[in-house]
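What follows is a single structure, written as structure tokens, with notes after it.
Just so you know, all these numbers are worked out from the coordinates, no wet-lab data involved. Because the structure is a prediction, the values reported are computed rather than measured. Here the Cβ positions follow ideal geometry from the backbone for every residue, glycine too, while neighbour counts run over all protein chains shown.
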Amino acid sequence: MQQTEQNWTSDEFLAYTLLYSAHADYFFDDEEKDLILSKIDNSIYESILRELSKDNDYQSLQKILTYTQEHKFSNNEIDLLLYEIELLFMCDGEYDVLEKNMLMNLTHLLKHNKSAELTTH
């Protein structure tokens, strides 16, 4: 895996991860935006949204994985992050199969393999 050091604050990381996750079902609605903005400052939201728009799926996952590894997230911290993502998925009243698949994949990537690497095929 190509290491890309992230100099994010914890709020920037949360914003990036939630914004990335919010697009799992290709819809980003007001409920999701409001939930994210209830957790982070609007300036962070705007900055991270610009960054995320430049990244492809692989780059986004790589950034999330790298950050959690560099900051040595415990299982409890990963559980809390996954819980925040699940709350985001449920906030619009529709927790669809694309969102469930993303949560399952993020759980596997972040929790089940502390030395996980993304590969391109």
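Chymotrypsin sites (Phe, Trp or Tyr not before Pro) within region 22-121: which are DSSP loop residues with at most 10 other Cβ atoms inside 10 Å?
Sites meeting the loop and neighbour criteria: 26.
Can you give the longest stretch of the chain with no exposed loop site, where a site means trypsin sites (Lys or Arg not before Pro) in a DSSP loop (not H, G, I, E or B) with at most 13 other C-beta atoms within 10 Å?
No qualifying site falls inside 1-71, the longest such stretch.
Which value, in debye to the nearest 20, gives the size of the charge dipole of the chain about its Cα centre, when Lys and Arg are +1 and Asp and Glu are -1 at the Cβ?
Charge dipole, the chain, about its Cα centre: 600 debye, nearest 20.
Give the aspartates and glutamates reachable from residue 54 as a straight Cα distance under 17 Å; neighbours fewer than 8 places away on the same chain don't count.
Filter leaves 5, 12, 46.
Can you give the FRET efficiency for residue 54 and residue 112, using 1/(1 + (r/R0)^6), R0 = 25 Å, r = Cβ-Cβ distance, to the nearest 0.05?
Here the calculated transfer efficiency is 0.30.
Taking every pair of Cα atoms in region 26-111, average 1/r, invert it to obtain the Kirkwood radius, and report Rg/Rh to two decimals. Mind showing how you got there, number by number?
On the way: Rg = 13.2 Å, Rh = 14.0 Å.
Result for region 26-111 is an Rg/Rh of 0.94.
Taking the simple approach of a point 7 Å from Cα along Cα-to-Cβ for both residue 72 and residue 9, what is their distance in nm?
Output for this residue pair reads 2.4 nm.
State whether region 1-50 is rounded, prolate or oblate according to the following rule on the C-alpha gyration tensor (a ≥ b ≥ c being the square roots of its eigenvalues): a/c under 1.5 gives rounded; otherwise a/b larger than b/c gives prolate, and the remaining case gives oblate.
Values: a/c = 2.54, a/b = 1.38, b/c = 1.84.
Judged from the Cα gyration tensor, region 1-50 comes out oblate (a/c at least 1.5, b/c at or above a/b).
Ranked by Cβ crowding within 10 angstrom, fewest neighbours first, how are 92, 34, 11 ordered?
Listing 92, 34, 11 from fewest to most nearby Cβ atoms yields 34, 11, 92.
Could you put 21, 10, 47 in order, starting from the residue whose Cβ has the fewest other Cβ atoms within 10 Å?
On the way: 21 24, 10 11, 47 14.
Final ranking by Cβ density, sparse to dense: 10, 47, 21.
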